[in-house]
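**Q** Can you read through this structure? Questions will come right after.
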Amino acid sequence: MSDAERVVLCFGDSNTHGTMPLPSLTERGRHGFSSRWTGHFRRALGPAVHVIDEGHPGRTTVHPDPVEGEHRNGLSVLLALLESHRPLDLVVMMLGTNDCKARFAVTADDIARSIDRLCGVIAAAQCGPGGATPKLLLVAPPPLTETGCLAGMFEGGAAKAAALAPRIEAVAQARGAGFVDAGAHITVSPIDGVHFDAAAHATLGTVLARAAAELLD
């Protein structure tokens with residue numbers, strides 16, 4: 001691999017997957033490749049950067065989901081993904097929203113500690129160029145709102161989500177990682193209070209590309 005080539009893994013949940021705001025729980029809409037934040041991110045970084053989309057709807061940080069399945073646990077798949085796609089120059093991680101579901105009964109501090117645990121996996125994986133540690137960009141998801149078809153699922157979650165950004169920023173500082181507070185740039189859709197509309201994807205992709213470019217340079 002030449003010095004001009006960079007590989008970025010985007011590890012996240014349904015908003016990295018590109019799930020559209022849900023009018024009902026039976027919907028399965030997904031933004032197109034070019035419309036997702038990862039698509040805007042890819043275009044902004046240019047052809048010398050290979051971007052890998054790894055977003056899974058319902059993905060948590062470290063929790064097997066007792067309702068939607070154990071496979072939603074981000075910790076259980078992260079190492080395999082790192083090894084599969086290495087060498088990686090940068091990992092962009094945006095998780096924490098699904099941990100706010102009532103079924104997990106965790107605090108904002110717990111979520112930040114769980115994100116730190118995932119950072120530890122990345123640091124120990126030797127998945128960067130030459131077995132080094134890749135750069136890391138932590139993204140605090142925008143605060144959710146308890147509305148629409150997801151309101152019951154996320155009951156009590158809005159307060160946790162609103163408290164996440166400074167805690168994730170503290171993890172980033174301790175780990176020497178980059179940090180972006182997505183909530184400073186976009187808001188969730190009023191349709192379901194969790195997912196992003198097309199305009200939010202465009203804005204976030206551009207913002208994260210600027211942050212990623214600084215880390216890659």
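**Q** So what is the calculated 222 nm ellipticity per residue for the chain, using -39500 (n - 2.57) for each DSSP H run with n of 4 or more, over all residues, to the nearest 500 deg cm²/dmol?
**A** Numbers: 7 runs with 79 residues, N = 217.
Calculated mean residue ellipticity at 222 nm is -11000 deg cm²/dmol.
**Q** When DSSP beta bridges are limited to those with both residues in the chain, what percentage is antiparallel, rounded to the nearest 5?
**A** Working: 2 of 23 bridges.
Looking only at bridges with both residues in the chain, the antiparallel portion is about 10 percent.
**Q** Using 1/(1 + (r/R0)^6) with R0 = 35 angstrom and r between the beta carbons of D217 and R28, what's the FRET efficiency to the nearest 0.05?
**A** Numbers: r = 39 Å, r/R0 = 1.10.
My answer for the efficiency is 0.35.
**Q** Continuing with this model, one more query. Among I111, I186, I52, rank each residue by its count of other Cβ atoms within 10 Å, from fewest to most, as a rough exposure measure. It would help to have the intermediate numbers written out before the result.
**A** Numbers: I111 28, I186 20, I52 17.
If I rank by nearby Cβ atoms, fewest first, I get I52, I186, I111.
**Q** Also, quick follow-up: Which order do peptides 13-20, 78-85 fall in by mean Cβ count within 10 Å, highest first? All intermediate terms of the calculation are to be shown ahead of the outcome.
**A** Values: 13-20: 22.6, 78-85: 16.0.
With the highest mean Cβ count within 10 Å placed first, the list reads 13-20, 78-85.
**Q** Once phi is turned into ³J(HN,Hα) by the Karplus curve 6.51 cos²θ - 1.76 cosθ + 1.60 with θ = phi - 60°, what whole-Hz value does each residue of the range 46-60 show in order, with x for glycine and proline?
**A** x, x, 7, 10, 9, 9, 9, 7, 9, x, 10, x, x, 5, 9
**Q** Taking 0.36 nm per residue of sequence separation and subtracting the Cα-Cα distance, how much length would be gained by fully extending the chain between E70 and Q126, in nm to one decimal? Present the calculation step by step, with values, prior to reporting the outcome.
**A** Values: separation 56, 0.36 × 56 = 20.16 nm, distance 2.61 nm.
Here the segment from E70 to Q126 would lengthen by 17.6 nm.
**Q** Okay, moving on. I need the chymotrypsin sites (Phe, Trp or Tyr not before Pro) found in the range 18-76, filtered to DSSP loop residues with at most 11 other beta carbons within 10 Å of theirs.
**A** Working: sites: F33, W37, F41; in loops: F33.
The qualifying sites are F33.
**Q** Also, I was wondering about something else. Could you give me the ³J(HN,Hα) list for the range 138-155, computed from phi with Karplus coefficients 6.51, -1.76, 1.60 and θ = phi - 60°, whole Hz, x at Gly and Pro?
**A** Ordered by residue, 3J(HN,Hα) equals 8, 10, 7, x, x, x, 7, 10, 8, 8, x, 5, 9, 4, x, 4, 9, 4 Hz.
**Q** To continue, here is another question. Using only C-alpha positions, report the orientation-averaged shadow area of the convex hull of the range 1-130, nm², one decimal. The partial results should precede the final answer.
**A** Details: hull surface 34.6 nm².
About 8.7 nm², averaged over all directions.
**Q** Around G128, what is the net charge, scoring Lys/Arg as +1 and Asp/Glu as -1 over all other residues with Cβ under 9 Å from its Cβ? Before the final figure, lay out each step's value.
**A** Details: positive: R86, K135; negative: D89.
Residues near G128 contribute +1 overall.
**Q** If each residue of separation counts as 0.36 nm, what is the full-extension length gain between H185 and A105 once their alpha-carbon separation is subtracted? Working shown, then result.
**A** On the way: separation 80, 0.36 × 80 = 28.80 nm, distance 2.80 nm.
Separation in residues times 0.36 nm, less the Cα-Cα distance, equals 26.0 nm.
**Q** Given charges of +1 on the Cβ of Lys and Arg and -1 on the Cβ of Asp and Glu, with all other atoms neutral, how large is the dipole of the chain about its Cα centre, in debye to the nearest 20?
**A** Values: 18 positive and 23 negative charges, 33 e Å.
With Lys and Arg at +1 and Asp and Glu at -1, about 160 debye.
**Q** While we're looking at this one, here's another question. Please identify the DSSP H helices in the chain that span no less than 20 Å along the helix axis (Cα) and have a mean Kyte-Doolittle hydropathy of 0.0 or more.
**A** Details: long enough: 108-124 (24 Å, 0.62); 198-216 (26 Å, 1.09).
Going by DSSP H runs, the hits are 108-124, 198-216.
Any read-out appearing in this document is the output of simple, stated calculations on the displayed coordinates, not a laboratory observation. Worth saying up front: this structure is predicted, and the values here are computed from it rather than measured. No Cβ is skipped: glycine too gets one built from the backbone with ideal geometry, and neighbour counts run over all protein chains shown.
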